[in-house]
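Inspection log for the structure reproduced underneath, given as structure tokens.
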Amino acid sequence: MTYKQYLIVMSFATALSWVAWFFVLFFIDPFSANWMGLLFFYLSLYLAICGTLAILGLIFRIYLSKDKIVSRQAGIAFRQSILFATLPVGCLLLQSRELFTWWNSVLFITALTFVEFFFISMRRK
């Protein structure tokens, strides 16, 4: 898959995720919805943020990096977008359970940072 094809597919999938999230946001009542409504809300938001950050991260990495291997940069950008998308969705989930406090936020950010450091240390040289 070329760089242009990757961007087209990711842009299309991200746009679909944003549309799905807006449909869930405006057409599903969170007070009367069961767990499926909340699952669609969190999943569509997660996929939309993840896709947006993957596209922006790849474009940013390609233009500012010395390493011009697109597949490597796409993998790194996608991994980081997964971690960064986990943060707001996880915070929203904690807030919905009334567990969102500053120390839980610090622990959550620390855990995500350790996961990223683990992936950086596992990279082959």
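The values are calculated or read from the model by the stated rules, or taken from the named source; none is laboratory data. The model shown is predicted, which means the values in this text are computed figures rather than measured ones. Every residue, glycine as well, gets a Cβ built from its backbone with ideal geometry; the counts of neighbours run over all protein chains shown. Just so you know, the surface numbers come from the protein's heavy atoms only, side chains and all, with ligands and any DNA or RNA stripped out. Shrake-Rupley method; radii C 1.70, N 1.55, O 1.52, S 1.80 Å.
Figures for the structure shown
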| quantity | calculated |
| --- | --- |
| Candidate set: region 19-44, residues that are in contact with a Gly (Cβ under 9 Å, 6 or more places away or on another chain) and closer than 21 Å to P88 by Cβ; chosen: the one most open to solvent (accessible area, probe 1.4 Å) | P30 |
| Scan of region 68-89 for residues that are outside any helix (DSSP H, G or I) and not charged (D, E, K, R), ordered by number | I69 |
| The one condition in (1) open to solvent by less than 80 Å² (accessible area, probe 1.4 Å); (2) touching a Leu at 6+ places or on another chain (Cβ under 9 Å) that L16 fails to fulfil | (1) |
| L47 vs. criteria closer than 24 Å to F108 by Cβ, out of contact with any strand residue (DSSP E or B) (no Cβ under 7 Å at 6 or more places or on another chain), at pLDDT 95 or above and surrounded by fewer than 19 Cβ atoms within 10 Å (Cβ to Cβ) | no |
| Scan of region 1-53 for residues that are among the polar types (S, T, N, Q) and assigned to a helix (DSSP H, G or I), ordered by number | Q5, S11, T14, S17, S44, T52 |
| Subset tally (residues that are open to solvent by 80 Å² or more (accessible area, probe 1.4 Å) and part of a loop (DSSP other than H, G, I, E, B)) for region 90-125 | 8 |
